[in-house]
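Colleague: Here it is, the structure in full.
The values are calculated or read from the model by the stated rules, or taken from the named source; none is laboratory data. Note that the structure is predicted; figures quoted are calculated from it, not measured. Using ideal geometry, Cβ is built from the backbone for each residue, glycine included, and neighbour counts are taken over all protein chains shown.
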């Protein structure tokens, strides 16, 4: 999967605030363009790359509470990590596609991460190779996200 365009509802037919469909299937109303978004697996890879913790598992409650106030939404991309670059998108250079920037020194983040890992050592993970831009998958046996560098498309002859 890769980033997709997202739209916001203008009608009251659905409760979803954002969707990948530009038109409401119930009433046919056009939705308002709302920029680009990462797929679920890319969002999981973003979390793992930012915090170097697996995106799922029993550690998440503790980690989310401890890490909550250490970042701010990137101002340049408004937290999306992606910017319009017609006819497609580009990765935000300010946050490198993470959508968030740390507001504290890295050693503070590392200390909190270490505290989480004392309680949940299996939560450790490395930044996802190639994120953003390369393909990502989830290793279902460990819960970690795995990635690869993007390869350029070969010219068809």
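Colleague: Looking only at the range 1-42, which residues are surrounded by fewer than 17 Cβ atoms within 10 Å (Cβ to Cβ), under 26 Å from residue 143 (Cβ atoms), at pLDDT 90 or above and in contact with a strand residue (DSSP E or B) (Cβ under 8 Å, 6 or more places away or on another chain)?
Modeller: Across the range 1-42, the qualifying residues are 4, 39.
Colleague: Being farther than 17 Å from residue 145 by Cα and modelled with pLDDT of 95 or more narrows it down to one of 84, 69, 64, so name that one. Walk me through it before giving the result.
Modeller: Details: 84 fails: modelled with pLDDT of 95 or more; 69 fails: modelled with pLDDT of 95 or more.
Going through 84, 69, 64 in turn, just one is farther than 17 Å from residue 145 by Cα and modelled with pLDDT of 95 or more: 64.
Colleague: Here's another thing I want to ask about it. Taking residue 104 as the residue in question, decide whether it is in a helix (DSSP H, G or I) and without any contact (Cβ under 8 Å) to a residue 60 or more places away in the chain. Explain how you work it out, then say what you get.
Modeller: On the way: in a helix (DSSP H, G or I): no; without any contact (Cβ under 8 Å) to a residue 60 or more places away in the chain: yes.
Taking the combined requirement at face value, the residue does not satisfy it.
Colleague: On to the next question. Can you name every residue in the range 115-130 that is loosely packed, with under 13 Cβ neighbours inside 10 Å and under 17 Å from residue 81 (Cα atoms)?
Modeller: Correct list: empty.
Colleague: Further question on the same structure: Within the range 131-141, identify whether any single residue is surrounded by 18 or more Cβ atoms within 10 Å (Cβ to Cβ), in a loop (DSSP other than H, G, I, E, B), in contact with a helix residue (DSSP H, G or I) (Cβ under 8 Å, 6 or more places away or on another chain) and at pLDDT 95 or above, and answer yes or no.
Modeller: No, the range 131-141 has no match at all.
Colleague: One residue is enough: does the range 82-99 have a residue meeting the conditions touching a strand residue (DSSP E or B) at 6+ places or on another chain (Cβ under 7 Å), touching a residue at least 12 places away in the same chain (Cβ under 8 Å), in a strand (DSSP E or B) and exposed (fewer than 13 other Cβ atoms within 10 Å of the Cβ)?
Modeller: no
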